[in-house]
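One structure below.
The values are calculated or read from the model by the stated rules, or taken from the named source; none is laboratory data. Just so it is clear, the structure is predicted and the values come from calculations on it, not from any experiment. Here the Cβ positions follow ideal geometry from the backbone for every residue, glycine too, while neighbour counts run over all protein chains shown. Side chains included, ligands, DNA and RNA excluded: accessible areas come from the protein's heavy atoms. Shrake-Rupley method; radii C 1.70, N 1.55, O 1.52, S 1.80 Å.
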Amino acid sequence: HSQNQNYGHKTHQIPIFCMWGKDIVSVFIRQTRFTKEFVDNADCFSISFLDHEKYAKELGYLGTVSGRDEDKINKANLHVEFSGDVPYIEEADDVMICKKMFRQTMEPDAFIDKEALEKWYSDKNYHDMYMASIEHILEKK
């Protein structure tokens with residue numbers, strides 16, 4: 001298993017650590033995000049890595065529009081593919097298929113740095129942290 005390694009190319013990296021005898025990634029999703037509903041209602045999720053230079057416009061768009069309001073994947077001229085029942089973005093260079101193992105909501109009392117709490121969570125819209133095992137990686141050849 002990977003220990004304190006990063007996965008990715010020069011344009012994207014994600015830390016991977018070994019826990020519970022598995023390669024684990026952590027993702028943080030705000031409680032109000034549409035994405036959270038999908039992650040909460042499935043056993044597995046994907047992390048799609050798109051080339052930041054090639055897809056800069058699309059990634060900027062995806063980060064500013066909610067999928068609740070429109071089909072943003074389609075509007076960004078991207079496409080959804082599936083690995084089993086797990087959706088991912090077809091244009092991705094690499095995709096991690098991850099199985100949820102742990103979820104915890106950030107709690108105000110747990111913040112040591114109260115300035116960060118005040119600056120980033122004044123609206124009480126905390127992140128949930130998910131820890132997930134990497135089940136497999138799809139790589140474009």
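How do ILE112, ILE73 rank by accessible surface area computed with a 1.4 Å probe, from largest to smallest?
Details: ILE112 165, ILE73 40 Å².
Largest accessible area first, the residues go ILE112, ILE73.
Using protein chains only and a probe of 1.4 angstrom, how many square angstrom of VAL95 are accessible, to the nearest 10?
0 Å²
If I ignore ligands, DNA and RNA and count only protein heavy atoms, how much of CYS44 is accessible to a 1.4 Å probe, in Å² to the nearest 10?
About 40 Å², ignoring ligands and nucleic acids.
Find the relative contact order for the stretch 55-133 and round it to a whole percent, using C-alpha pairs within less than 8 Å whose residues are 6+ positions apart. Please list the in-between numbers first.
Values: 63 pairs, mean separation 18.7, N = 79.
Computed value for the stretch 55-133: 24 percent relative contact order.
Roll a 1.4 Å probe over the protein chains and send me the accessible area per residue for the chain in Å². Don't jump to the answer; show the numbers that get you there.
Working: 9340 Å² over 141 residues.
Value for the chain: 66 Å² per residue.
Using only helices, what value at 222 nm comes out for the chain when you add -39,500 (n - 2.57) per DSSP H run of length 4 or more and divide by the total residues, to the nearest 500 deg cm²/dmol? Walk me through the intermediate numbers first.
Numbers: 4 runs with 25 residues, N = 141.
Theoretical 222 nm ellipticity from helices: -4000 deg cm²/dmol.
Roughly how big is the chain's charge dipole about its Cα centre, with Cβ charges of +1 (Lys, Arg) and -1 (Asp, Glu), in debye to the nearest 20? Provide the component values of the computation, followed by the final result.
On the way: 18 positive and 25 negative charges, 27 e Å.
Taking the Cα centre of the chain as origin, the dipole is about 140 debye.
Above 28 angstrom, tally the Cα pairs of the chain and express them as a % of all pairs, no decimals. Present the calculation step by step, with values, prior to reporting the outcome.
Details: 2169 of 9870 pairs.
Tail of P(r) above 28 Å: 22 percent of Cα pairs.
Taking R0 as 22 Å, what FRET efficiency do you get between SER66 and ALA42 from their Cβ-Cβ distance, rounded to the nearest 0.05? Don't skip to the end; give the middle numbers.
On the way: r = 19 Å, r/R0 = 0.86.
In this case the efficiency is close to 0.70.
In percent, what relative contact order does the chain have, based on Cα pairs under 8 Å that are 6 or more apart in sequence? Display every interim value, and only then the final one.
Working: 218 pairs, mean separation 39.6, N = 141.
Rounded, it is 28 percent for the chain.
Given a 1.4 Å probe and heavy atoms of the protein chains only, how would you sort ASP51, ASP85, ASP71, largest accessible area at the top? Don't jump to the answer; show the numbers that get you there.
Working: ASP51 45, ASP85 130, ASP71 95 Å².
So, going from the largest accessible area down, we get ASP85, ASP71, ASP51.
How large a share of the accessible area of the chain, in percent, is made up of carbon and sulfur atoms when the probe is 1.4 Å and the other protein chains stay in place?
Solvent-exposed carbon and sulfur of the chain make up 49 percent of the total.
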